[in-house]
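Chemist: Below you will find the structure I want to go over with you.
The values are calculated or read from the model by the stated rules, or taken from the named source; none is laboratory data. Computed from a predicted structure; not experimentally measured. Glycine also receives a Cβ, built like all others from the backbone with ideal geometry; neighbour counts cover every protein chain displayed.
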Amino acid sequence: MKLRVKPWGVVLTIGLILSITLSGIAYAALGDRSLGRGSTGQEVKELQSKLAQLGYGVGPIDGKFGSRTEAAIGNFQRDRGLRVDGLAGTQTIAELMRLTRQSTNASGKAIGNKNIDVNLLARCVSGEARGEPFEGQVAVAAVIINRMADPAYPKSIADIIYQPQAFSSVDDGQINLPPSASAIRAAQEAVNGSDPSGGAEFFFNPAKTSNRYIWSRPTIKQIGNHIFTK
């Protein structure tokens, strides 16, 4: 006797298989599902690694989403103007991925880490922009990165920062102080390609300088107390 399979049974079976397969694919790709307290696995480990890369303390990178990872996500969301819920959802992960991709210069060539001392850059940002909004701190770091691409300047962070009378934080010794957590994150964002300054190579506080040369530069924008110029 020949068995006959009803069409709806075949459709149901195929649908179930597709559902399981697609669920597995979504589960495996970072950003296709929300990660939160209690999540574990490679996705969480990658998430923790990227947060640490940007200067957010997550504790051990162990693939376990605990209170420290949740706090780091919340701080990241607050800095980026995202909804602060401590969950790594699609929007949060997309922003995290964008900020941790490899940096390139105008010609598309990757920037070599050998010329970028992120800790020194962060110390300079901390000394120059302490108390400024986070966007302004990133912009200050971006100014230094932008100078690296200009033939008129040296080709390393250290040489640019330590040029005579280039930065007040060097002159007054603040460059030697430990950087703030926000300065570390701002430096890393600038290294990863973020530039709120709009391509500026100078910045100054109009309330603190009367230098004619710096005032003569074409203004790009003002962020916080700093004017950024070309």
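Chemist: If I go through segment 42-59 residue by residue, how many of them are touching a Lys or Arg at 6+ places or on another chain (Cβ under 9 Å) and more than 19 Å from Ile184 (Cα to Cα)?
Modeler: Going through segment 42-59 one residue at a time, the tally reaches 3.
Chemist: So, one more: For segment 154-169, which positions are touching a residue at least 12 places away in the same chain (Cβ under 8 Å) and of a type outside the set (Lys, Arg)? Can you show your working first?
Modeler: Initial filter on segment 154-169 (touching a residue at least 12 places away in the same chain (Cβ under 8 Å)): 155-158, 160-161, 167-169.
Those that are touching a residue at least 12 places away in the same chain (Cβ under 8 Å) and of a type outside the set (Lys, Arg): Ser156, Ile157, Ala158, Ile160, Ile161, Phe167, Ser168, Ser169.
Chemist: Could you check segment 78-112 and list, in sequence order, the residues that are of a type in the set (S, T, N, Q), surrounded by 15 or more Cβ atoms within 10 Å (Cβ to Cβ) and modelled with pLDDT under 85? Full working, then the answer.
Modeler: Step one: list which residues in segment 78-112 are of a type in the set (S, T, N, Q), which gives 90-92, 100, 102-105, 107.
This time we only want the ones that are surrounded by 15 or more Cβ atoms within 10 Å (Cβ to Cβ), so: 92, 100, 103.
Passing the criteria: Thr100, Ser103.
Chemist: Please give the number of the condition Gly59 fails out of (1) in a helix (DSSP H, G or I); (2) at pLDDT 70 or above; (3) touching a helix residue (DSSP H, G or I) at 6+ places or on another chain (Cβ under 9 Å); (4) not basic (Lys, Arg).
Modeler: The number of the failed condition is (1).
Chemist: All but one of (1) modelled with pLDDT of 90 or more; (2) closer than 23 Å to Val118 by Cα; (3) hydroxyl-bearing (Ser, Thr, Tyr) hold for Ser39, so report the exception by its number.
Modeler: With (1) modelled with pLDDT of 90 or more; (2) closer than 23 Å to Val118 by Cα; (3) hydroxyl-bearing (Ser, Thr, Tyr) applied to Ser39, the lone miss is (2).
Chemist: Only one residue in Ala141, Ala158 is hydrophobic (A, V, I, L, M, F, W, C) and modelled with pLDDT of 90 or more, so which one is that?
Modeler: On the way: Ala158 fails: modelled with pLDDT of 90 or more.
It is Ala141.
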